[in-house]
Amino acid sequence: MTEDQNSRLIRKYLKENAQDIKGSLSQRMAQKQFQQLFELLSIPLDGLDNGLVEPTGQSFSELRELGEAFVVSDKHFRDDTIFGLGREWFNRQGLPSDQGPKDFLQTTTNEIIAQLRGSKSHWLVLGDVGLASLAGLWAARQVNLPVVLQLDHLAPRTLEEDHAWAVLSRKILRVFLQEVEWAVTDDVETAELAIRFGVQAEKLVDSNGVVIKGTRPLDFAGEEAAFIANDSSFKATNQDKKLATRYRQLGEVHVRPHKPVSLPLPPTYWEDPFNDANWRFSYHTFRWADVLRREYLRTGNEELKKLHILILKRWARTCLESNNHELISHVWSDMGAAIRSRSVALALHTYGYDPELVALLHYHLEWLKDPAHWPARGNHLLHVYRALYAMGHVLNDLDTVAKARALIFEYLRNSISPEGEDFEGSLMYQRSNMSWAKQVVAEIEACASQAVPDDIQSRIAKMANVIAYATDYGGYQAQYGDSNKHKGPVFKIGDKLPVADEEHTTIRGLHVYPRAGLGFIRSEQTENPEHNVFAMLRAYPPGDKQVHAHSDHGQVLISFGGTQVLQDSGRYTYGSNPRTWYLKSVRAHSVAVATNREDRQKTVRGDFTYQIDDPSFRAIAVSAQYDETTRWHRTLCVHSSGDIDIYDY
């Protein structure tokens, strides 16, 4: 958090607790003490003590049998004033009232050490989260005693609040969960809080010494975690060296498809140089920062590793503790959080255990597990399930793994027809969803947790057939819905389909995919290949919500010998641009518009009504019902000669 944010939280807390402070500590002095606490907790712990305590090798149950424990709690060292830092407290401790938390910690640490050396205690218990307990941790290190943190006193909801004491408590709790040998609780909500705050493997136990579920050792280097590197969004490219160098030296960030821009190093996460929602979305996914990780893997440059970790941790400290709804709206979208979680998972896989990154991943896991944060349909849902599957494996949450796997299978069956049709209304997303589906199947198989059912494998494989039918004689693929120009292999009548099925094995002159709303006609001229006709008629099936479709029911696309004659405008851009909305509208497509009914055309739906495959011609027809009195029919007819007729009535 920045100094300004610290000051804001301090002022807020002091104002709300003015009655407790009055008579014991001035507002100015209280603010000074708070500020010292924030500064103190920003210093690496190793800079304030003699190093980590060596593990005893004893279990929690064995430790309890050793005998008496020394208990440290703030209630033993404070009065009822704020933080126990009032004048009366300083007088009782023999400290000048102008001294602060660091002085208290040193004095209390020495006092606890003296008491420990005079006792027969074999271990030390921290009774709460506060400064005295922090002193107890430091004291235990110096006399080499194991430390247990008792968590049941915590108030999870209070720790989530937006005020100075909650922020300080979170900071101290993270230190404790990283450094103590055991954290003990019998409360489910408190256990979940500890997991979110990054408790290390095997440390979280119940009062009987049983390790609480979900905290098995994290094997970030094992094969079980390696599958997350399968994501194409995070694969190495020949631009990585240039992008990593320019960011490290100039702070230049390249968030595609936008131009590179220089940002603070490290960033504040309030940046929005283009005032563009798509830029903000991509910026907060961290795909742009992953070049640092990939270049670290290639070169072993520790500076790249440190910078990447700093970027992720700065984001967590800024965005997780912010109560600003404008910033939150940029950050917490379903797909954005899903992609960002995979970025954090990859960092953990590459760099190894880090408590702050584990806590950040737990936060994303809990947020994405809530169905209220899921989209209703579309590929965003697959990204959420895929993220849950990845996080479940990395965090050893096997229940989440099993549930996410079942959701992935359900999604793939519901979103891809047995014929390979995708239901998003865009050929670009037919390609993308095929790629994403293959990646998630590869991830599931890499984990050796369960074979992917044959019917799902078949659906994914047949998605390539739809793309083959949608490719004209120049290799250009039909640019309908949110699609941009794309080329692939040319397919002619009689060529083998990428994936044969029971009904046919080769490309036909006429083929219809009714559930996706795609009808294709080919006509080939042996003597004049430049006159080969590719034509497509688009339907928008009733009841469907094709999330990447345009207002294009009844649209016709035509090309001759690979030259596009009648074509869709495509997506244009995902950025904020007025042209985008126009190019999705009725008037940007080759459709008929009923008089004074353009507004109705945006939601008009219809099916293919018939198809004819005759030696002399091939034809497909669609219809649309505007209301009880207005109906529109369109027929696309391609003759064997290569002539084309379009009938509207």
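Rounded to the nearest 0.05, the FRET efficiency derived from the C-beta distance between E502 and S435 at R0 = 22 Å is 0.30.
Note down the accessible area of K235, probe 1.4 Å, to the nearest 10 Å². In the full protein context, K235 sits at about 100 Å².
Summarising the label geometry, the points placed 7 Å from Cα in the beta-carbon direction at E530 and N484 lie 3.1 nm from one another.
Among the listed pairs K235/K545; K203/K403; K235/K584; K462/K485; K235/K438; K171/K306, give every one whose C-alpha distance is greater than 24 Å. Listed pairs above 24 Å: K235/K545; K203/K403; K235/K584. Apolar share of the accessible surface for the range 320-425: 50 percent from carbon plus sulfur atoms, 1.4 Å probe. Approximating the spin labels as points 7 Å out from Cα along Cα→Cβ, the K306-to-A442 distance works out to 3.5 nm. From most to least packed by mean Cβ count within 10 Å, the peptides 306-316, 278-288 give 278-288, 306-316.
Whenever you get a sec, line up F560, F491 from highest to lowest accessible area (probe 1.4 Å, protein heavy atoms).
Descending accessible area places them as F560, F491.
Taken along the Cα-to-beta-carbon direction at a fixed 7 Å, the label points for R314 and L566 span 5.4 nm.
The values are calculated or read from the model by the stated rules, or taken from the named source; none is laboratory data. No experiment lies behind these values; they were computed from the predicted model shown. Glycine also receives a Cβ, built like all others from the backbone with ideal geometry; neighbour counts cover every protein chain displayed. Just the protein is used for accessible areas: all its heavy atoms, side chains included, with ligands, DNA and RNA removed. Shrake-Rupley method; radii C 1.70, N 1.55, O 1.52, S 1.80 Å.
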